[in-house]
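The structure appears right after this line, and notes come after that.
The values are calculated or read from the model by the stated rules, or taken from the named source; none is laboratory data. Computed from a predicted model, the values in this text were never measured in an experiment. No Cβ is skipped: glycine too gets one built from the backbone with ideal geometry, and neighbour counts run over all protein chains shown.
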Amino acid sequence: MSSVLGTYARKNISFSKGKGCYLYDLKGEQYLDFASGIAVNSLGHCHEHLVKIIQEQSKKLWHVSNMFVIPEQEKLAKRLTDYTFADFVCFQNSGSEATEASIKIARKYFHTIGQPNKKRIITFKGAFHGRTLAALFAANNPKHIEGFDPKVDGFDQVPFADLESLKKAITNETAAIMIETILGEGGIKEVPDYCLKGLRELCDEKNLLLILDEVQCGIGRTGDFFAFEKSGIVPDIVPIAKGIGGGFPLGACLLTKKISVGMTPGTHGSTFGGNPLAMAVGNGVLDIILQDGFLDNVKKISKYFNRELIGLKKKYSKIILEVRGRGLLKGLKLAVDNAKFIETLMKHKMLVVKAEEQVIRLFPALIVSKKEIDEAISKINETCKEMS
Ligand SMILES: *Cc1c(COP(=O)(O)O)cnc(C)c1O
């Protein structure tokens, strides 16, 4: 019997090494990894540049407290703010912490500017913001919250893509609207650009902050650095995590100068957040992702991937109902049980991730090659054939 608390329904398989888009189990069997640790291994497994960086940094310095200036942290924050809408970055260790920091920052802003009644955050059904208490009740997924009451107050939830309900939910206590630019766990559901624009306008009109959770869809996953970029809007606060660490636990919250006013010394903290080792890896990930042409290549390969997936949908229209998502954040909505589909795909030595609405999520590393896409399509094809 395992001594690990049974909070996961784990598949009975373990891996001993990984390289690029492949994982190798204990017997040395090769798996095509389109799970990427749930959109975490953005540069694939054991990317040479990251291996080198972690080796070098591990000989210099691992951890010092945030009571000191950390040059690697200054550098990563500078690069993130130079490249994005943000003026400041606050480093955490995970996505949940990053979304919770966003909530704190939004509330503190209104508190500081003399509108302390504005405390509540509007969220959407089907959302996922993490498993810590506030993040849990922010998303309010019935499967996740059962037994964990008392409920953390301060969130008002409305249905996804229902403007009327959203407008009705806004009161003079509302501080912010928080939404994933593309719902990940919820089944790869995009918030269309016109809705993002609408949300921005609504927030401006009602004096609310817009928090876009890009923990899953950010850091190049869609072919843009952030999924919201294409819409042309500017959010106020953006939590990130998953892909920025390339496999090293790293989260952050990005925000504008205007919103930062209340976040003075002592108002937030993290023992580990932003330590030199994590920051070295984060900088290493950016070294690659921000290289000239890297994201163009993600866009190019993802167009090919999308075309091939649509081909499969046409061929197996009784199995694949819909191709969802953007860039290398793709979902297939299935007419069959997604868990069964994933089992079958695993027999063909390919790994993917489950989501709501019978969706499977496909997260190839951003360095995926055409050959690896072809291999994935062939394995999905075999699986569809078998399940027809
Ligand atoms: C994964 C995820 C989180 C939580 O991240 P953890 O690192 O597991 O705490 C939050 N928001 C979104 C959109 C996510 O996909």
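Looking at the stretch 93-131, which of the residues that are in contact with a Lys or Arg (Cβ under 7 Å, 6 or more places away or on another chain) and in a helix (DSSP H, G or I) is farthest from the ligand (Cβ to nearest atom)?
If we take residues in the stretch 93-131 being in contact with a Lys or Arg (Cβ under 7 Å, 6 or more places away or on another chain) and in a helix (DSSP H, G or I), then Phe110 is farthest from the ligand (Cβ to nearest atom).
Return the only residue of Lys318, Lys330, Lys299 being closer than 30 Å to Asn381 by Cβ and either at pLDDT below 95 or part of a helix (DSSP H, G or I) (or both).
Selected residue: Lys299, the only one of Lys318, Lys330, Lys299 that is closer than 30 Å to Asn381 by Cβ and either at pLDDT below 95 or part of a helix (DSSP H, G or I) (or both).
When residues of the stretch 337-385 are filtered for being of a type in the set (Ser, Thr, Tyr) and not in a helix (DSSP H, G or I), how many remain?
Adding up the residues that qualify gives 1.
Yes or no: Val89 touching a residue at least 60 places away in the same chain (Cβ under 8 Å) and either under 30 Å from Leu345 (Cβ atoms) or of a type outside the set (D, E, K, R) (or both)?
Considered against the rule, which asks whether it is touching a residue at least 60 places away in the same chain (Cβ under 8 Å) and either under 30 Å from Leu345 (Cβ atoms) or of a type outside the set (D, E, K, R) (or both), Val89 comes out as yes.
Do we have any residue at all in the stretch 169-189 that's at positive phi, assigned to a loop (DSSP other than H, G, I, E, B) and not charged (D, E, K, R)?
Looking through the stretch 169-189, at least one residue is at positive phi, assigned to a loop (DSSP other than H, G, I, E, B) and not charged (D, E, K, R).
Checking Ile177 against (1) more than 25 Å from Ala355 (Cβ to Cβ); (2) touching a residue at least 40 places away in the same chain (Cβ under 8 Å), which test does it fail?
With (1) more than 25 Å from Ala355 (Cβ to Cβ); (2) touching a residue at least 40 places away in the same chain (Cβ under 8 Å) applied to Ile177, the lone miss is (1).
Go through the stretch 201-230 residue by residue and tally those that are more than 18 Å from the chain's Cα centre (by Cα) and either surrounded by 20 or more Cβ atoms within 10 Å (Cβ to Cβ) or within 13 Å of the ligand (Cβ to nearest atom) (or both).
Number of matching residues: 3.
How about the stretch 238-269: which of its residues are closer than 16 Å to Glu72 by Cα and in a loop (DSSP other than H, G, I, E, B)?
Hits for the stretch 238-269 are Phe248, Pro249, Leu250.
Can you pull out every residue in the stretch 132-144 that is within 27 Å of Cys195 (Cβ to Cβ) and within 15 Å of the ligand (Cβ to nearest atom)?
Selection gives Ala134, Ala135, Leu136, Phe137, Ala138, Ala139, Asn140, Asn141, His144.
Kindly provide the set of residues from the stretch 156-185 that are within 16 Å of the ligand (Cβ to nearest atom) and crowded, with 21+ Cβ neighbours inside 10 Å, ordered by number.
The answer is Ala176, Ile177, Met178, Ile179, Glu180, Thr181, Ile182, Leu183, Gly184, Glu185.
Suppose the filter is closer than 21 Å to Glu214 by Cα and either surrounded by fewer than 22 Cβ atoms within 10 Å (Cβ to Cβ) or in contact with a strand residue (DSSP E or B) (Cβ under 8 Å, 6 or more places away or on another chain) (or both); does Leu321 pass it?
no
Among the residues of the stretch 250-270, how many are surrounded by fewer than 17 Cβ atoms within 10 Å (Cβ to Cβ), small (Gly, Ala, Ser) and closer than 21 Å to Ser94 by Cβ?
Result for the stretch 250-270: 2.
To keep it simple, each residue is scored yes or no on (1) assigned by TED's automatic domain parsing to the domain that holds Pro192; (2) touching a strand residue (DSSP E or B) at 6+ places or on another chain (Cβ under 9 Å); (3) modelled with pLDDT of 95 or more; (4) within 20 Å of Arg200 (Cα to Cα).
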residue: Phe91; (1), (2), (3), (4): yes, yes, yes, no
residue: Ala101; (1), (2), (3), (4): yes, yes, yes, no
residue: Ile105; (1), (2), (3), (4): yes, yes, yes, yes
residue: Thr123; (1), (2), (3), (4): yes, yes, yes, yes
residue: Leu136; (1), (2), (3), (4): yes, no, yes, no
residue: Pro150; (1), (2), (3), (4): yes, no, yes, no
residue: Leu166; (1), (2), (3), (4): yes, yes, yes, yes
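Hey, Arg79 hits all of (1) part of a loop (DSSP other than H, G, I, E, B); (2) of a type in the set (Lys, Arg); (3) surrounded by 10 or more Cβ atoms within 10 Å (Cβ to Cβ) but one; which does it fall short on?
It fails just one condition, (1).
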